[in-house]
Structure formats: structure tokens, C-alpha cells
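**Student:** Have a look at this one before I ask anything.
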Amino acid sequence: MTATDLWLVRHGESVANVAASHAERTGLERIPIDTRDADVPLSATGREQATALGRWWSAHADAVGMCWVSPYRRARETLEIARAEDAGAAPTVTDERLRDRELGILDLLTRRGVAARHPEEAERRRHLGKFYHRPPGGESWADVALRLRSFFGDELPRCSGGGLLVAHDAVVMLALFVLLRLDEPELLEFAASHTVLNASVTHLTCTPAGWELRDFSDVGHLQVEGAPVTVHPGSADVEPE
């Protein structure tokens, strides 16, 4: 018994996504939001996106034998809204290993804020690169990859057929790194030209040769339902200064 298909979903737009984009556009150093990251809810647009995701769920529910979700509110809300009409289907497991990447002292800072308040970290990140840079009190991409290796090692053998995972952009990107067996340059090249959109679905299938990517960041369900497709910058260290 093992998973043969995986669908990786990024949560719908959150109020922090909106606040972060506004802060970047207007040149603020700090993102003006007081809510703990784990408790950030969806925005009104994010709820609309999650409702549109329900269209995808209706077409795929029979193929999904297990749902896994990040414990963060925005991910849980996305799954709950998408499955509102079919809540009794596949069982759901909340797993802390699917939480968003922790940014430590860089949390809630914009690119301008990182450069102004922690120039030493901006320089250290330039030297180490995105994959291995770990902000004090936070995680590197490599750290997130390690917890995902643990998660997939535990959970994939328990899943028969298809599995749905609802989490965050970094989790989706690093799931590809782990399952497709990419190396650091391959991951960074892919991430530089691909964005995990809010409420998008990324599909992988397991073949005799290993996992293969079928669709990346598909938002066709949003377009069919007329829900907004939103693009937000990632964390303050997405690109080198």
C-alpha cells in the first residue's frame, strides 16, 4: 500500500499575503500585521479561491484516499472550505511537519527591512545561497526538506491511491525537491522561473522510475469559477539583495 498520486495545494490568499505585498510596494521595512503566523486567516479573496478549489475537489474526491494539512489556519481553512460539501470523504491528518518555513529574526521584514535592520544576514545569505541560509531562530530550505523527508517516509506508505496535501509555497517547492530527487542547482533554477500560486494544484504521479511531475501550480479551477488568480512575493529572502 503506497500513494500513486499526490496533489500539492498551496493555501488561498491570506491577509498576510496582502499585507506583505502592500508593504513591499510602498517601501515599508516591516509588514504591519500582529497575528501570529500560525493563526493568519484567509483574505476574502482567499476564501473565494478556496471555494473555487471545491470544483477541483468535486472532480477528484474519489481518487483521494488521504488528506494531509499544515496546522496553520490559512491551510486548514482552505481545505475546509474546498471540502464543505463533502466533508465526510477522505480522512484528514494535520501534521506540523507541513508548517510554513520559519524565518526567525527576519519574520515580518520586507526586503528593505532585512537590508536596513540585518545587513549582516543579507550578506550571509548572499554568501550561503537561498538553500542553506538559516536566519537566526529560523529555518533554511534544507531544514524544511529534512522535515518533508520525514513526513513522506512516514505517510506515503500508509496511503493507498491518491493523497492531497494542503500547505505553503515553500512546502510545495521543497516537496518537488525531495520527491523528484533534484539537487540544489536544479531546485534553484526551477524556483527562479516558477511560482506556486495561491490555491493552485501541483500533481505528481509515482512510476516505476520514481515520482514524475504532471502539472505545476495549475489554477484552471479558479479561472473556470471566475476566482482571482493572485501573485504575491515570497519571504524577504526570496532573491539576493
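**Student:** Give the residue that is surrounded by the fewest Cβ atoms within 10 Å (Cβ to Cβ), with candidates limited to residues of the range 82-114 that are touching a residue at least 40 places away in the same chain (Cβ under 8 Å) and closer than 22 Å to L156 by Cα.
**Tutor:** By that ranking, first place goes to V93.
**Student:** Looking only at the range 197-210, count every residue that is assigned to a strand (DSSP E or B) and within 11 Å of L8 (Cβ to Cβ) and tell me the total.
**Tutor:** 4
**Student:** Still on this model: Return the residues of the range 131-160 that are in contact with a helix residue (DSSP H, G or I) (Cβ under 6 Å, 6 or more places away or on another chain) and over 22 Å from T94 (Cα atoms); say none if nothing qualifies.
**Tutor:** F131, Y132, H133, P135, P136, G137
**Student:** In addition: Pull up the range 100-128, narrow it to residues that are among the aliphatic types (A, V, I, L, M) and under 24 Å from R147 (Cα atoms), then point me to the one that is nearest to the chain's Cα centre (by Cα).
**Tutor:** Out of the qualifying residues, it is L103.
**Student:** Counting only residues that are more than 19 Å from A82 (Cβ to Cβ) and open to solvent by 20 Å² or more (accessible area, probe 1.4 Å), how many does the range 160-176 have?
**Tutor:** Residues that pass the stated criteria total 1.
**Student:** Can you report the number of residues in the range 125-141 which are in a helix (DSSP H, G or I) and exposed (fewer than 15 other Cβ atoms within 10 Å of the Cβ)? Steps first, answer last, please.
**Tutor:** Filtering the range 125-141 for residues in a helix (DSSP H, G or I) gives 125-128, 141.
Narrowing further to those that are exposed (fewer than 15 other Cβ atoms within 10 Å of the Cβ): 126-128.
Matching residues across the range 125-141 total 3.
**Student:** Within the set of pairs 6+ apart or on separate chains, which have a first residue in the range 53-81 that is modelled with pLDDT under 95, a second that is hydroxyl-bearing (S, T, Y), and C-beta atoms under 7 Å apart?
**Tutor:** Close Cβ pairs satisfying both conditions: G65/S160.
**Student:** Now for a separate question. Taking the range 1-19, which residues are at pLDDT 95 or above, out of contact with any strand residue (DSSP E or B) (no Cβ under 6 Å at 6 or more places or on another chain) and not basic (K, R)?
**Tutor:** First pass over the range 1-19, keeping only residues at pLDDT 95 or above: 5-19.
Checking which are out of contact with any strand residue (DSSP E or B) (no Cβ under 6 Å at 6 or more places or on another chain) leaves us with 10-11, 13, 15-19.
Within the range 1-19, H11, E13, V15, A16, N17, V18, A19 meet the criteria.
**Student:** Return the pair list, or none, for Cβ contacts closer than 9 Å from residues in the range 28-48 that are in contact (Cβ under 8 Å) with a residue 24 or more places away in the chain and assigned to a helix (DSSP H, G or I) to residues that are open to solvent by 60 Å² or more (accessible area, probe 1.4 Å) and not hydroxyl-bearing (S, T, Y), at least 6 apart or on different chains.
**Tutor:** If the second residue must be open to solvent by 60 Å² or more (accessible area, probe 1.4 Å) and not hydroxyl-bearing (S, T, Y), the pairs left are D37/E102; D37/D107; A38/R73; D39/R73; T45/V18; G46/V18; E48/E225.
**Student:** Among (1) assigned to a helix (DSSP H, G or I); (2) surrounded by fewer than 16 Cβ atoms within 10 Å (Cβ to Cβ), which single condition is A75 missing?
**Tutor:** (2)
**Student:** What is the one condition in (1) closer than 22 Å to D218 by Cα; (2) in contact with a Leu (Cβ under 8 Å, 6 or more places away or on another chain); (3) open to solvent by 20 Å² or more (accessible area, probe 1.4 Å) that W68 does not satisfy?
**Tutor:** (3)
**Student:** Which residues, counting only those in the range 78-120, are assigned to a helix (DSSP H, G or I), aliphatic (A, V, I, L, M) and under 25 Å from A23 (Cα atoms)? First the steps, then the outcome.
**Tutor:** Keep residues of the range 78-120 that are assigned to a helix (DSSP H, G or I), which gives 78-82, 96-98, 104-106, 111-117, 119-120.
From the residues that got through so far, the ones that are aliphatic (A, V, I, L, M) too are 79, 81-82, 98, 105-106, 114-116.
Residues satisfying the conditions are I105, L106, V114, A115, A116.
**Student:** Kindly provide the set of residues from the range 178-196 that are more than 16 Å from D100 (Cβ to Cβ), open to solvent by 10 Å² or more (accessible area, probe 1.4 Å) and not in a loop (DSSP other than H, G, I, E, B), ordered by number.
**Tutor:** V178, L179, E184, P185, E186, L188, E189, F190, A192, S193
The values are calculated or read from the model by the stated rules, or taken from the named source; none is laboratory data. Every value quoted in this text rests on a predicted model; they were computed, and no experiment measured them. Counting neighbours? That spans all protein chains shown, and the Cβs are built from the backbone with ideal geometry, glycine included. Accessible surface areas use protein heavy atoms only, side chains included; no ligands, DNA or RNA. Shrake-Rupley method; radii C 1.70, N 1.55, O 1.52, S 1.80 Å.
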